[in-house]
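Here the structure is laid out as structure tokens; the discussion comes afterwards.
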Amino acid sequence: MSDKALGMLKHMRGQIVGQPFRDVAVRGAAISIGVDPGQGECRVLVDELLRGGYLETYPSPSLSAHGLYRLTDR
């Protein structure tokens, strides 16, 4: 896993501390590592986390299209 993807994952894990759900927003995680959430680099990092099994999409594609994902237990 790349350092940037790891940085996003760490930020996302921080988003769920004390929360009863595993929902995370990509925007804040991307900004926290200096990546523009609207650019292709962010999409590549999200894809890396999805392929690695760290994130999963929502059953409703419209939520994932808005940058919302679920963090897995991995």
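The values are calculated or read from the model by the stated rules, or taken from the named source; none is laboratory data. Since the structure is predicted, the reported quantities are computational estimates derived from the model, not experimental observations. Cβ: placed from backbone, ideal geometry, glycine included. Neighbour counts: every protein chain shown.
Residues of region 18-31 that are exposed (fewer than 15 other Cβ atoms within 10 Å of the Cβ) and small (Gly, Ala, Ser): GLY18 alone.
Against the numbered list (1) on the phi > 0 side of the Ramachandran plot; (2) in contact with an Asp or Glu (Cβ under 8 Å, 6 or more places away or on another chain), GLY34 comes up short only at (2). For region 1-58, the set of residues classified as farther than 14 Å from ARG74 by Cβ, basic (Lys, Arg) and free of Cβ contacts under 8 Å to residues at least 12 places away in the same chain consists of ARG43 only.
Picking from residues in region 39-74 that are over 12 Å from ALA5 (Cβ atoms) and aromatic (Phe, Trp, Tyr), the one that is surrounded by the fewest Cβ atoms within 10 Å (Cβ to Cβ) is TYR58.
Listed here are the helices (runs of 4 or more DSSP H) enclosed by region 1-59 that have at least 1 residues being in contact with a Phe, Trp or Tyr (Cβ under 6 Å, 6 or more places away or on another chain) and within 11 Å of LEU71 (Cα to Cα): 3-15.
This table checks each residue for (1) modelled with pLDDT under 95; (2) touching a Leu at 6+ places or on another chain (Cβ under 8 Å).
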site	(1), (2)
SER2	no, yes
GLN19	yes, no
ILE33	no, no
GLU41	no, no
LEU45	no, no
LEU55	no, yes
ASP73	yes, no
